[in-house]
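The values are calculated or read from the model by the stated rules, or taken from the named source; none is laboratory data. Predicted model only: the values in this text are computed from it and were never measured. Using ideal geometry, Cβ is built from the backbone for each residue, glycine included, and neighbour counts are taken over all protein chains shown.
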């Protein structure tokens, strides 16, 4: 059986992406007023790197970056939210085949699709998966964790939308548009 291995580029992207996600989660988060819930700038970066390198890189960057952040902040990862961050990276990474940044152009339609999709993924992840896991695994009070999940859905959707869109547009603008070079 032939197994597809991760490329060197993907492994490097996971390492660098994890470090950047960790730094953003740890040092560039804004408290939301809801306990253990922040306006988290790292999700914009996660959306960007997931589109750039695909679902596997998105999964590992989200999982490892969130794990390291929780470990250094709280002494242990909060696994339900760590897995949800990995899910978000994986799910957004599925758009890689549709949004091709190497073409040098990312149109309005693709940005709208990216943003509608990431909002749906954030709602599924933060309003459903993470709080349900908290209730089932950690026996957390449902009213508390679902409130945290709803707030996280909103703030992470905004972060992924605004920061992710800016990063996607900026990166695409550095690439030569396909078919734009002509022989004279």
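A compact table of results
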read-out	value
Qualifying position, being out of contact with any strand residue (DSSP E or B) (no Cβ under 8 Å at 6 or more places or on another chain), modelled with pLDDT of 95 or more and farther than 24 Å from residue 139 by Cβ, among 83, 71, 64	64
Considering residues of segment 62-91 that are closer than 19 Å to residue 38 by Cα and within 9 Å of the chain's Cα centre (by Cα) only, the residue surrounded by the fewest Cβ atoms within 10 Å (Cβ to Cβ)	87
Residue check for residue 158: part of a helix (DSSP H, G or I), over 23 Å from residue 77 (Cβ atoms) and touching a strand residue (DSSP E or B) at 6+ places or on another chain (Cβ under 9 Å)	yes
Every residue from segment 116-155 that is closer than 19 Å to residue 79 by Cβ and loosely packed, with under 15 Cβ neighbours inside 10 Å	128, 136, 137, 138, 139, 141, 142
Residue in segment 149-158 that is more than 22 Å from residue 28 (Cβ to Cβ) and modelled with pLDDT of 95 or more present	yes
